[in-house]
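*Asks:* Pasting in a structure now, in structure tokens, and then I'll have a few things to ask.
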Amino acid sequence: MAAAKDAKFTEKEMEQFKKEFGSFDQNGDGHIDAGEVQQVLKNLGMFKSVEQVKALIKEVDKNNNGTVEFVEFLDIVLNVKEGRESAFTQVYTKQRDLIQIKTASGGTHSFAEEEMSAFAEHINNCLQPDPECKYLLPIDPAAGSIDLCKKVKDGIMLSKFINLAVKDTIDERALNKRKNNKELNVHQMNENQTLCINAAKGIGVKITNVGATELMQGEKFPHIVLGVVWQLVKIHLLNSINLKNHPELVRLLEAGEELADLLKLPPDQLLLRWFNYHLKRANHKKISNFTSDIKDSDAYTTLLHQIAPNTCDTAALQLSDNTKRAEKVLQNATKLNVKCFIKPRDIVAGNGKLNLIFTAAIFNQCPGLDPLTSDETKKAGLMDDDVGDSREERMFRMWINSLGIDDLFVNSLYQDCRDGLVLLKVLDKVEPGIVSWSKVEMNPNNKFKKIANCNYAVVLGKQLKFSLVGIQGGDIEDAKNPKLLLAFVWQLMRYHTFKFLAEVQKKKFGGKAVGEAEVMAWANGLVKSGGKNKDIEMKSLNDSNLASGLFFLDLLHAINPKIVDWEVVTKGDSKENALLNCKYVISVARKLGATIFCLPEDINECKPKMITTLLASCMAVSPV
């Protein structure tokens with residue numbers, strides 16, 4: 001088989017293939033696992049759906065060992081050469097731009113130098129006004145530089161950027177900062193990085209197998225630093241691209257669609273649709289991706305001219321050289337005050353990540369959408385912000401995304417759960433083996449298949465003793481009563497939380513079931529024995545006395561007497577002061593290593609579900 005393939009490749013090509021395979025084989029074991037193949041394909045923009053990716057892996061993995069060996073890699077190359085020359089070119093372009101870092105074990109870690117450079121420039125621009133980042137900036141954006149990886153060492157830069165991505169995620173009072181320009185010690189840096197990791201999880205960053213050590217030694221793990229920073233940059237630039245912030249996006253509805261169809265789109269898909277909306281108005285053909293479809297700068301030139309005809313010209317279309325065209329695009333974008341950290345070569349090479357965030361930067365600066373008419377305002381008014389973007393929905397969504405389930409990212413809890421697959425994947429994660437996948441419709445392309453999956457999820461929920469009276473699959477599929485789905489997902493989260501708690505606190509509970517009563521008793525007992533104010537007590541999960549945040553600060557003090565800076569704590573005697581305390585509670589808990597998804601307002605309003613998860617997370621990281 002290998003000989004047959006060899007006959008179709010020249011000796012020079014085979015040398016190139018071995019080099020490419022080596023760059024994919026990051027751990028040097030002679031194999032590419034499914035995750036590595038999938039990431040490569042995502043980077044190249046060759047496939048859009050998980051199903052297609054899995055089908056390709058299954059096709060080449062002839063020995064069914066779950067990995068792709070070099071011979072199987074040649075199958076992929078052969079397929080591309082015979083049917084997808086442009087995609088194959090992207091493979092070479094992508095891999096040539098990879099920088100190799102040798103690991104202590106003799107393997108290599110790879111990172112794309114153009115992405116490292118672009119993110120360095122973006123962070124330089126964003127954090128330049130902050131005086132507390134003066135000693136960190138500017139980050140060297142030169143090709144091949146890993147200065148960005150070195151500058152994340154003490155956690156300050158990451159913390160600052162996390163707060164830019166989602167405002168007030170980290171209470172900076174909880175950060176260890178330099179005093180008299182003295183470098184932080186290892187313990188202080190470790191606390192900052194632990195806070196960063198848990199705060200990033202709280203805003204939807206997928207972080208698996210990443211610890212404080214990897215970030216403190218970023219120059220040894222550039223691929224990890226780049227992975228975290230990429231997600232933060234994406235959140236920073238795409239976070240406001242939604243119908244709540246831009247109701248005029250309701251114009252992107254297509255024939256036969258309902259508002260719900262638009263609401264379920266993730267920001268990158270919404271951005272693509274916005275791009276095509278302007279291209280259509282300019283009588284230009286649509287694009288389907290941010291890779292090959294924008295490489296000639298034709299679509300970019302048309303977009304910029306359409307949204308700002310008096311500022312951005314179409315002179316680029318008169319040029320034959322794609323690099324010169326891309327230069328014109330960036331010149332036009334600069335005229336609109338768009339911060340262009342992307343380079344002409346990134347457009348020409350079709351770098352999907354950098355073109356996505358460049359397009360987002362254009363949208364954020366100049367969306368080019370007129371104010372809504374009265375009829376459009378009425379249509380946009382169908383959105384119920386209190387329901388569609390509720391704090392409970394947010395907490396459950398972030399929790400699901402933190403579970404590290406392959407091929408799963410929830411953008412809208414209500415819409416993404418409608419086909420039942422998300423719920424079934426989460427069920428299988430919290431109780432491995434409970435789902436019999438032969439009973440699942442893996443391609444639920446009609447209402448009946450979706451309802452069947454949802455009904456199966458309800459059956460499994462009842463098997464786990466969830467209270468699901470009155471909840472049927474159809475209720476989840478039509479998403480008309482969000483409270484029913486919230487009730488289901490809360491019980492999933494509660495089950496997972498207490499199951500995990502029982503496992504990590506085996507000595508305390510001896511394998512017995514854990515619930516709210518046990519967590520409350522633990523918290524009260526710990527505060528009474530080691531709190532700063534031993535007389536404070538929690539009478540219930542919705543005790544109004546919890547609103548000030550003081551009980552939780554006493555609890556955190558009892559867990560680690562050095563973790564709370566009492567000089568920044570208020571008396572909690574006003575709404576404003578109480579919220580300040582509650583904000584501080586979350587960051588201090590994260591600094592201890594707790595994964596927290598609730599918001600300060602949840603504590604201040606004494607929401608029982610949110611209080612439960614907060615206490616359980618604190619208990620999970622408590623040594624006592």
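The values are calculated or read from the model by the stated rules, or taken from the named source; none is laboratory data. Keep in mind the model is a prediction, meaning the values are calculated, not measured. Glycine gets a Cβ as well: all are built from the backbone with ideal geometry, and neighbour counts include every protein chain shown.
*Asks:* Checking I536 against (1) within 35 Å of the chain's Cα centre (by Cα); (2) β-branched (V, I, T); (3) buried (at least 18 other Cβ atoms within 10 Å of the Cβ); (4) farther than 29 Å from Q472 by Cα, only one condition comes out false. Which one?
*Replies:* (1)
*Asks:* Same structure, new question: Name the residues in region 174-196 that are under 15 Å from T595 (Cα atoms) and either crowded, with 23+ Cβ neighbours inside 10 Å or more than 21 Å from the chain's Cα centre (by Cα) (or both), would you?
*Replies:* Residues satisfying the conditions are E191, N192, Q193, L195, C196.
*Asks:* Among the residues of region 506-545, which ones are hydroxyl-bearing (S, T, Y) and over 28 Å from L492 (Cβ atoms)?
*Replies:* Answer for region 506-545, where residues must be hydroxyl-bearing (S, T, Y) and over 28 Å from L492 (Cβ atoms): S529, S544.
*Asks:* Follow-up. Checking the condition surrounded by 18 or more Cβ atoms within 10 Å (Cβ to Cβ), at pLDDT 95 or above and in the same structural domain as R251 (by TED's automatic domain parsing), which residue from A349, A316 passes?
*Replies:* None of the others qualify; the one that does is A316.
*Asks:* In region 278-289, how many residues are within 18 Å of I357 (Cα to Cα) and at pLDDT 95 or above?
*Replies:* 2
*Asks:* Being at pLDDT 95 or above, surrounded by 15 or more Cβ atoms within 10 Å (Cβ to Cβ) and of a type in the set (D, E) is the requirement here; does D171 meet it?
*Replies:* So D171 fits the description; yes.
*Asks:* Could you please find all residues in region 110-151 being in a loop (DSSP other than H, G, I, E, B) and either small (G, A, S) or in contact with a Phe, Trp or Tyr (Cβ under 9 Å, 6 or more places away or on another chain) (or both)?
*Replies:* Once the filter is applied, which keeps residues that are in a loop (DSSP other than H, G, I, E, B) and either small (G, A, S) or in contact with a Phe, Trp or Tyr (Cβ under 9 Å, 6 or more places away or on another chain) (or both), region 110-151 yields I139, P141, A142, A143, G144, S145, I146.
*Asks:* So, in region 246-277, exactly how many residues are out of contact with any Leu (no Cβ under 9 Å at 6 or more places or on another chain), modelled with pLDDT under 85 and not charged (D, E, K, R)?
*Replies:* Of the residues in that region, 3 qualify.
*Asks:* Right, something else. Could you grab me the full set of residues in region 231-265 that are under 14 Å from the mean Cα position of the chain (by Cα) and crowded, with 18+ Cβ neighbours inside 10 Å?
*Replies:* Across region 231-265, the qualifying residues are L232, V233, K234, I235, H236, L237, L238, N239.
*Asks:* Does L468 count as surrounded by 22 or more Cβ atoms within 10 Å (Cβ to Cβ), under 32 Å from the mean Cα position of the chain (by Cα) and of a type outside the set (D, E, K, R)?
*Replies:* So L468 does not fit the description; no.
*Asks:* Enumerate the pairs (first residue in region 449-472 and at pLDDT below 95; second residue anywhere and aromatic (F, W, Y) and surrounded by 15 or more Cβ atoms within 10 Å (Cβ to Cβ)) with beta-carbon separation below 7 Å, excluding pairs fewer than 6 apart on the same chain, so at least 6 apart or on different chains.
*Replies:* L468/F488; I471/F488
*Asks:* To continue, here is another question. Give the residue, chosen from H223, H187, that is at pLDDT below 95 and part of a helix (DSSP H, G or I).
*Replies:* H223
*Asks:* While we're here: Evaluate region 284-303: report whether one residue or more is in a loop (DSSP other than H, G, I, E, B), among the β-branched types (V, I, T) and more than 30 Å from V152 (Cα to Cα).
*Replies:* Yes.
*Asks:* Looking only at region 567-610, filter to residues that are polar (S, T, N, Q) and not in a loop (DSSP other than H, G, I, E, B); which one of those is surrounded by the fewest Cβ atoms within 10 Å (Cβ to Cβ)?
*Replies:* Checking each candidate, the answer is N577.
*Asks:* Find the residue count for region 297-313, including only residues that are surrounded by fewer than 20 Cβ atoms within 10 Å (Cβ to Cβ) and free of Cβ contacts under 8 Å to residues at least 40 places away in the same chain.
*Replies:* The total comes to 4.
*Asks:* Within region 273-293, does at least one residue satisfy the condition of being acidic (D, E) and either in the same structural domain as D416 (by TED's automatic domain parsing) or crowded, with 18+ Cβ neighbours inside 10 Å (or both)?
*Replies:* Yes, region 273-293 has at least one match.
*Asks:* Report yes if D475 is acidic (D, E), at pLDDT below 95 and closer than 30 Å to V440 by Cβ, otherwise no.
*Replies:* Against the criterion (acidic (D, E), at pLDDT below 95 and closer than 30 Å to V440 by Cβ), D475 qualifies.
*Asks:* Quick check, is T359 outside the structural domain of S412 (by TED's automatic domain parsing), part of a helix (DSSP H, G or I) and exposed (fewer than 15 other Cβ atoms within 10 Å of the Cβ)?
*Replies:* In short, no.
*Asks:* What residue, of N245, N239, N283, is of a type outside the set (G, A, S) and in contact (Cβ under 8 Å) with a residue 12 or more places away in the chain?
*Replies:* N239
*Asks:* Kindly state which helices (runs of 4 or more DSSP H) lie completely within region 481-555 and contain at least 3 residues that are within 21 Å of M395 (Cα to Cα) and hydroxyl-bearing (S, T, Y).
*Replies:* none
*Asks:* For V504, indicate whether it is loosely packed, with under 15 Cβ neighbours inside 10 Å, touching a helix residue (DSSP H, G or I) at 6+ places or on another chain (Cβ under 7 Å), within 22 Å of M619 (Cβ to Cβ) and touching a residue at least 60 places away in the same chain (Cβ under 8 Å).
*Replies:* Here the answer is yes, as V504 does meet what is asked.
*Asks:* May I pose another question? Looking at (1) in contact (Cβ under 8 Å) with a residue 60 or more places away in the chain; (2) part of a loop (DSSP other than H, G, I, E, B); (3) closer than 23 Å to L195 by Cα; (4) of a type outside the set (G, A, S), which is the only condition V564 fails?
*Replies:* Status for V564: all satisfied but (1).
*Asks:* Which pairs turn up if I take residues in region 165-176 that are closer than 20 Å to W230 by Cα and aliphatic (A, V, I, L, M) and look for partners that are at pLDDT below 95 and part of a loop (DSSP other than H, G, I, E, B) with beta carbon separation below 8 Å, at least 6 apart in sequence or on another chain?
*Replies:* A165/I203; A165/N239; V166/I203; V166/N239
*Asks:* So, in region 324-356, how many residues would count as being without any contact (Cβ under 8 Å) to a residue 24 or more places away in the chain and part of a loop (DSSP other than H, G, I, E, B)?
*Replies:* Of the residues in region 324-356, 1 are without any contact (Cβ under 8 Å) to a residue 24 or more places away in the chain and part of a loop (DSSP other than H, G, I, E, B).
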